[in-house]
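In what follows, a single structure is set out as structure tokens and then discussed.
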Amino acid sequence: MHLLLSPLSVRQSAKKMFVLNLNVYRNSHYRTLNTVKIRYKALMVDQIMKLPKMGKVIIYYKLFPKSHRLTDIGNVISVHKKFFEDALVELGILEDDNYKFVIGSAEEFGKVDKDNPRVEILIKEIE
């Protein structure tokens, strides 16, 4: 199994952060989304390139928000899932992110972590 740590937001511009959740994603311009996706991959590339090439995987996403504010886990994880799995394919770790290669995923709440908010991503290879 392989554990990676993903940030809850990505720099959109010099002055603005993009919070990785579906509420922000659905209201953003496609050029903004492309910029943010590229920057997300750049933040994750060092961790991803340490992974071996994989065939079939199950990916688990665990949310560690910064505050006790009630959060829809699916809204946060859905954008991480999209950006992360696309990055795995673009960087050559997975052949594709369809159901032949990503055969399952799960999401859960970890705990509030004021000092290190994140999404932990655990990849389990299936033989």
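Where a number appears in this text, it was derived from the coordinates with a stated rule and is not lab data. As the structure is a computational prediction, the values presented were derived from the model and not from experiment. Cβ placement follows ideal geometry from the backbone for every residue including glycine, while neighbour counts extend to all protein chains displayed.
Observations on the model:
- Dipole in debye (nearest 20) - the chain, about Cα centre, beta carbon charges: Lys, Arg +1; Asp, Glu -1: 640 debye
- Ascending count of other beta-carbon atoms within 10 Å, so fewest first, for LEU63, LEU43, LEU4: LEU43, LEU4, LEU63
- Using a cut-off of 29 Å between Cα atoms, the listed pairs LYS50/LYS100; LYS56/LYS114; LYS15/LYS41 include LYS56/LYS114 as exceeding that distance.
- Qualifying trypsin sites (Lys or Arg not before Pro) in the stretch 43-127, where qualification requires a DSSP coil assignment and no more than 16 other C-beta atoms within 10 Å, comprise LYS50, LYS53, LYS66, ARG69, LYS100, LYS111, LYS114.
- Restricting the stretch 7-67 to chymotrypsin sites (Phe, Trp or Tyr not before Pro) that sit in a DSSP loop and have at most 13 other Cβ atoms within 10 Å of their own Cβ leaves nothing.
- In straight-distance terms, cross-link reach from LYS62 covers every one of the aspartates and glutamates whose alpha-carbon lies under 17 Å from its own, apart from those fewer than eight places away in the same chain; here that gives ASP72, GLU85, GLU107, GLU108, ASP113, ASP115, GLU120.
- Ranked for footprinting exposure by Cβ neighbours inside 10 Å, fewest first, LEU33, LEU94 give LEU33, LEU94.
- In the stretch 1-99, GluC sites (Glu not before Pro) in a DSSP loop with at most 12 other beta-carbon atoms within 10 Å: none
- Seen against the Cα atoms of the chain and their longest principal axis, helix 30-48 is set at about 50 degrees.
- Computed over the chain, the range of Cα coordinates on each principal axis works out to 42, 32, 24 Å, biggest value leading.
- Interchain or long-range residues, amide H under 5 Å from SER9's placed H: LEU20
- Under 12 Å from the GLU125 label point (7 Å along Cα→beta-carbon), backbone N, the stretch 84-105: 94
- The chain: angle of helix 73-90 to the longest principal axis, Cα-based, in degrees nearest 10: 50 degrees
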